[in-house]
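**Q** Handing you this structure, nothing more for now.
Computed from the coordinates by the stated procedures, all read-outs in this text should not be read as laboratory data. Bear in mind that the values here come from a model prediction, so they are computed numbers and not experimental data. Cβ coordinates were reconstructed from backbone atoms using ideal geometry, including for glycine residues, and neighbour counts include every protein chain displayed.
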Amino acid sequence: MATTSYAIAVGSNRCGRHGAPAVEVRAALALLGGHAAPVMTSAPVGPSLRRYANTVAILDSDLTPPEMLAWLKRIERSFGRRRGRRWGARVIDLDIILWSGGAWSGRDLTIPHPHFRERDFVLTPLAAIAPDWRDPVSGLTVRQLRARLTVRRPAPSRAIRGWGP
């Protein structure tokens, strides 16, 4: 089987057996191997109140996308991750963001990750290590996606009553 590359988002916002969230992220990176961006902190998405430690790793593998997902889920379980409330606190979260094979859709997996284009905590570290990787859906590079996300949009203009036609 041919080797392909995966972009894996790694996040934690709960202490685990390795320590604080940033330490949990680094411990997961040690298992994943590959090349990773620096760990950053970000605000939580959803109901959790705890800040996250996040990064993205690029790894080469001969695993198929479903096999990669199964491996990542085993790592999550080994860190003590249990199924729970969506967007709740978690000791580790490993998500496949992109795959060099393009788009993939299966029962339990969609690549590219459906929400990665909206998440600065994914795009910032991903842009640091793979800025030219193209999203197979939009055709835009990671750098372009991040620029679109972080560009400040001008406030909508408002008509002033009594002015204009």
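**Q** Given H placed on each backbone N at 1.01 Å, which residues far from Leu140 in sequence or on other chains put an amide H within less than 5 Å of it?
**A** Sorted by chain and number, the residues that satisfy this are Asp135.
**Q** Please give the charge dipole size of segment 2-73, origin at the Cα centre, charges +1 on K and R Cβ atoms and -1 on D and E Cβ atoms. Round to the nearest 20 debye.
**A** In debye, rounded to 20, segment 2-73 gives about 460.
**Q** Around Val142, with a cut-off of 9 angstrom between Cβ atoms, what is the net charge of the other residues, counting Lys and Arg +1 and Asp and Glu -1?
**A** My count for the surroundings of Val142 gives +1.
**Q** Between Asp108 and Ala147, what is the label-to-label distance in nm when each label sits 7 Å out along the Cα-to-Cβ direction?
**A** Taking the two extended label points, one gets 3.9 nm.
**Q** Separate question: How far apart, in nanometres, would the label points at Leu140 and Asp60 be if each is projected 7 angstrom from Cα along the Cα-to-Cβ direction?
**A** Computed distance between label sites Leu140 and Asp60 equals 3.0 nm.
**Q** Could you give each residue of segment 93-100 its phi-based ³J(HN,Hα) in whole Hz, using Karplus coefficients 6.51, -1.76, 1.60 with θ = phi - 60°, and x for Gly or Pro?
**A** For segment 93-100, the Karplus curve yields 9, 10, 10, 6, 9, 9, 9, 5 Hz.
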